[in-house]
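Student: Take this structure first; my questions come after.
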């Protein structure tokens, strides 16, 4: 989805008629949103903002998704230790722009990662899961358990889906927390080996914190390898030792199920094959562990 300079000018003009859009450029993003970096002149100052429009599919699944993500940016304060982009404006008036949009401040970054990103990734995920759900009204966040039930109800027969369905009634959840929903290094902004931003909250939910851990474990495996994935997991477990990690294989599997279309992301056959091998091993281990857990619960 692309927008003209005139359309983007009308969007930022809703904030104040005095704002002039100087430049705009598309940012690399996934299929869930269309994102642009804006350079604006505002009260004799030059500012850089990020303009964000969710995909048609995301808006169909949740018509309020842009508003909800904006509110989440408002509620997550700096003192939580989670550096979300500062919200600038939420636009919903279709007289000025055809779809809802979100404008946030641009976070300067250079994507220079530390040699071992396991610890900072684990610490940041702990910070997200430590946000007090009672501080504000987070009732707009979708419930993760309801989502997985909906996913499985519409799923075709498949070893992962079948295992999840058969074990769902045996799973005991940890107390709910805020969930990023798509936590991985690609949604982390790094500067000089430190995390300076956590972005792309369109899959936000509330539920067992292992939801985030399970999905991010697979993506950590893909990006950094097994050793870093194990280190990342151990760091998180050490910091969140009060949680029950018994059912992590279940959330590993749901994460794998949500990422099952990964072969469409790349054109490199060698890369796809490597990821497929890692995926298959990850899934098979999770299925074996989960079946053992469920069997013990039945006896």
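Student: Kindly state which strands (runs of 3 or more DSSP E) lie completely within the range 167-226 and contain at least 3 residues that are closer than 21 Å to residue 87 by Cα. Full working, then the answer.
Tutor: Values: elements: 177-179, 188-191, 194-198, 205-207.
Filter on the range 167-226 gives 188-191, 194-198.
Student: Then there's this: Somewhere in the range 214-222, is a residue at pLDDT 95 or above and within 8 Å of the chain's Cα centre (by Cα)? Talk me through it step by step, then tell me what you get.
Tutor: Step one: filter the range 214-222 for residues at pLDDT 95 or above, giving 214-222.
Checking which are within 8 Å of the chain's Cα centre (by Cα) leaves us with none.
Within the range 214-222, none of the residues are at pLDDT 95 or above and within 8 Å of the chain's Cα centre (by Cα).
Student: If you don't mind, there's one more thing I want to ask. Do the conditions hold for residue 48, that is, is it out of contact with any helix residue (DSSP H, G or I) (no Cβ under 6 Å at 6 or more places or on another chain) and either part of a helix (DSSP H, G or I) or at positive phi (or both)?
Tutor: Details: out of contact with any helix residue (DSSP H, G or I) (no Cβ under 6 Å at 6 or more places or on another chain): yes; either part of a helix (DSSP H, G or I) or at positive phi (or both): no.
No, not satisfied.
Student: Report yes if some residue within the range 210-221 is surrounded by fewer than 16 Cβ atoms within 10 Å (Cβ to Cβ) and on the phi < 0 side of the Ramachandran plot; otherwise report no.
Tutor: Within the range 210-221, none of the residues are surrounded by fewer than 16 Cβ atoms within 10 Å (Cβ to Cβ) and on the phi < 0 side of the Ramachandran plot.
Student: In addition: Could you tell me whether residue 51 is free of Cβ contacts under 8 Å to residues at least 60 places away in the same chain and in contact with a strand residue (DSSP E or B) (Cβ under 9 Å, 6 or more places away or on another chain)? Give the steps one after another, and end with the answer.
Tutor: On the way: free of Cβ contacts under 8 Å to residues at least 60 places away in the same chain: yes; in contact with a strand residue (DSSP E or B) (Cβ under 9 Å, 6 or more places away or on another chain): yes.
Answer is yes for this residue.
Student: Need the failing condition index for residue 70 against (1) in the same structural domain as residue 15 (by TED's automatic domain parsing); (2) farther than 21 Å from residue 7 by Cβ, just the number.
Tutor: (2)
Student: Moving on to the next point. Identify the single condition in (1) closer than 18 Å to residue 236 by Cα; (2) in contact with a helix residue (DSSP H, G or I) (Cβ under 6 Å, 6 or more places away or on another chain) that residue 100 does not satisfy, given that it satisfies every other one.
Tutor: (1) is the only condition that residue 100 fails.
Student: Exactly one condition in (1) in contact with a strand residue (DSSP E or B) (Cβ under 9 Å, 6 or more places away or on another chain); (2) surrounded by fewer than 19 Cβ atoms within 10 Å (Cβ to Cβ); (3) without any contact (Cβ under 8 Å) to a residue 40 or more places away in the chain is false for residue 70; which is it?
Tutor: Unmet condition: (2).
The values are calculated or read from the model by the stated rules, or taken from the named source; none is laboratory data. Being a predicted model, the structure only gives us computed values, none of them experimental. Please note: Cβ atoms are built from the backbone with ideal geometry, for glycine as well, and neighbour counts cover all protein chains shown.
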